[in-house]
Amino acid sequence: MKFFLCASFLCLGHLSLHAQAPAQGAAEQAAADGKALLQKLFTQNTTQEELLALAKDANKAGVPRQQIIEAKLIWGLRHQEIPFLVKILPEVEILATSFDPALAAALPNVDTAKSFIAYIKAMKAAGAKDDEGFKSNILEAIWLNPQQASVFLQSIEQVRRESKMAALTADLNIPLTNSAGEATTLSDQLGTKKALLLDFWASWCGPCMKLMPRLQEKAKLLSAHGIVVAAVNKDDSTPDATAEAKAEKIRVELNTTIPWLVEPQDRPYTKAFDLESIPRMVLLSPEGKVLFNGHPEDPALWTALKKLDPTIEAH
C-alpha cells in the first residue's frame, strides 16, 4: 500500500553536507568522497536499486551507519515505498536506539526517528487490514512528531477512503454529457477495454490545469495497454456559460482528443468517490470496482496500473 503524502517529508531537519576544501591528501580525499556519496544518497530521483548500491559504497567509504539509514528512510518516505520501509524497519529501530544528534544528516532529533517507526508500523497494519494497529501507531506518530501531523492525517484519510472504496461498485451507466453536449456514460467510454482512468478537474483548479500535459501523456501511454483515460469536468453552469461550454473551451485550447466529459450538477460521482478535493484520479474496472482513488501524481496509481498490465512503466 502506498500513500501520496505532501512534500513535508522532503524537508526533515537539515542535511549536514557541507562543501569541502580542496583535498590535500588521502584522508581528505576519502572524507570528500564520503560526503559526495552521502549527497547522492539523498538525491530525490534515485531509484531503489541505485540507493542500495550507493548505500554499499557509502558504507565502504566509512560514511556513518546512522546517516546511511537516514538516507534510506527519507528515500522510502519520499517515494512512499511501504514494503521497502517495512524491510528497513529494524535498521530504523537501531537508528532510534543509538541516535547521535552530532551525526544527524536529515532527522532533527530522536523523536522524529521514533515517529517514523510508528508511521511504518501503522502503514504495515493498514496493509494487513489491522484497524486497531493502524490507529494506535498513527496516533503515536502524531504524538511524537506533531510538526508532521498534517502529513500523518493524510494517511488516516487515505485509509478511510480505501476502506470505503473497497466496498464500492460504481454505477457506470449514470447519464453524462461530453463537452459538446452529447449524451454518454462511463460504460460507453469504457467499451471493451480493460479499465477506465478518470481525471476529475475544474477550470478554477490551478493544480488541475497545471497537470493537463501529464494527463495527455498518460492517455497516450495507457491507450496502448487497453486503458481508456477520460477527463471529467466539475465546473458549475453560470448565467453566462454552461459547464459544457467551459469544458469545451479548455478542450479546444489544449487541442486534445481525450474523452472530455462533464459531471451532472447533482455530482453522483463526486459523492460516490468522496472527491472532497481535486485534482483526483479514479481507476475503474469494467465491473465498476475502484482500483485506485487518489492524487494523479501518487505513485500508487502506477502500482494499480501495473496490476492490470505488468508491462506498463511509470511515466
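What fraction of the DSSP beta bridges in the chain is antiparallel, stated in percent and rounded to the nearest 5?
Within the chain, antiparallel bridges account for around 60 percent of the total.
Output the antiparallel fraction of DSSP beta bridges having both residues in the stretch 228-312, as a percent to the nearest 5.
60
Write out the trypsin sites (Lys or Arg not before Pro) in the stretch 111-143 meeting two conditions: DSSP loop, and at most 15 other Cβ atoms within 10 Å of their Cβ.
Lys129
For the chain, what does the equivalent ellipsoid look like in terms of its semi-axes, each the square root of 5 times an eigenvalue of the Cα gyration tensor, given largest first in whole Å?
Each semi-axis is √(5λ); the values are 43, 22, 17 Å.
So, taking all protein chains as they sit and a 1.4 Å probe, how much accessible area belongs to Met165, in Å² rounded to tens?
Near enough 10 Å² of accessible area.
Using a 1.4 Å probe on the protein heavy atoms, what percent of the accessible area of the stretch 89-180 belongs to carbon and sulfur?
55
If you fit an axis through the alpha-carbon atoms of helix 149-166 and take the longest principal axis of the Cα set of the chain, what angle between them do you get, 0 to 90°, nearest 10?
Long axis of 149-166 versus the principal axis of the chain: about 50 degrees.
Top mean-square fluctuation among Asn293, Asn45, Asn137, Gaussian network model of the chain, C-alpha springs under 10 Å?
Of the options given, Asn45 has the highest mean-square fluctuation.
So what is the calculated 222 nm ellipticity per residue for the chain, using -39500 (n - 2.57) for each DSSP H run with n of 4 or more, over all residues, to the nearest 500 deg cm²/dmol?
My calculation for the chain gives -15500 deg cm²/dmol from helical runs alone.
Which of the chymotrypsin sites (Phe, Trp or Tyr not before Pro) across the stretch 143-233 are loop residues per DSSP, with 14 or fewer other Cβ within 10 Å?
Trp204
For labels at Arg160 and Thr242 in the simple 7 Å Cα→Cβ model, what's the distance in nm?
With each label placed 7 Å out from Cα toward Cβ, I get 3.7 nm.
Name the residue, out of Lys164, Lys289, Lys56, whose mean-square fluctuation peaks in a Gaussian network model built on the chain with Cα pairs under 10 Å.
Evaluated over the chain, the most mobile residue of the options is Lys56.
Past 28 Å, Cα to Cα, is the threshold; run Lys124/Lys307; Lys87/Lys129; Lys72/Lys135; Lys72/Lys210; Lys124/Lys234 against it and keep the listed order.
Pairs exceeding 28 Å: Lys72/Lys210; Lys124/Lys234.
Which percent of the accessible area of the stretch 199-270 is formed by carbon and sulfur heavy atoms (probe 1.4 angstrom)?
Roughly 59 percent of what the probe reaches on the stretch 199-270 is carbon or sulfur.
Any chance you could run the full-extension gain for Arg267 through Gln44? It's 0.36 nm times the residue separation minus the Cα-Cα distance, nm to one decimal.
That works out to 76.5 nm of additional length.
Can you quote the Å³ per residue value for the convex hull of the Cα atoms in the stretch 149-248, rounded to an integer?
Per residue, the Cα convex hull of the stretch 149-248 comes to 154 Å³.
Would you mind telling me the antiparallel percentage of the DSSP bridges in the stretch 155-314, rounded to 5?
Just about 60 percent of them are antiparallel.
Leaving out ligands and nucleic acids, note down the accessible area per residue over the chain with a 1.4 angstrom probe, in whole Å².
49
To the nearest 10 degrees, how steep is helix 48-60 against the longest Cα principal axis of the chain, on a 0 to 90 scale?
On a 0 to 90 degree scale, this one is about 10.
Helix 131-144 against the longest principal axis of the chain: what's the angle in degrees, Cα atoms only, rounded to the nearest 10?
For helix 131-144, the angle is close to 60 degrees.
For the stretch 154-193, what is the convex hull (Cα atoms) projected area averaged across all directions, in square nanometres?
Hull-based average projected area comes out at 4.4 nm².
Taking every pair of distinct Cα atoms and averaging 1/r, then inverting, what Kirkwood hydrodynamic radius in Å comes out for the stretch 172-315?
That comes to 15.2 Å for the stretch 172-315.
Can you compute the radius of gyration and Dmax for the stretch 99-144, using only the Cα atoms, both in Å?
When restricted to Cα atoms, the stretch 99-144 yields Rg and Dmax of 12.2, 39 Å.
Provide the gained length on full extension for the span Cys205 to Ala36, in nm with one decimal, where the gain is 0.36 nm per separating residue minus the Cα-Cα distance.
Gain on stretching Cys205 to Ala36: 56.8 nm.
The values are calculated or read from the model by the stated rules, or taken from the named source; none is laboratory data. Here the structure is a predicted model, which is why all the values come from computation and not from measurement. Here the Cβ is made from the backbone with ideal geometry for all residues, glycine too, and neighbour counts use every protein chain on show. SASA here: full protein model, heavy atoms, side chains in, ligands and nucleic acids out. Shrake-Rupley method; radii C 1.70, N 1.55, O 1.52, S 1.80 Å.
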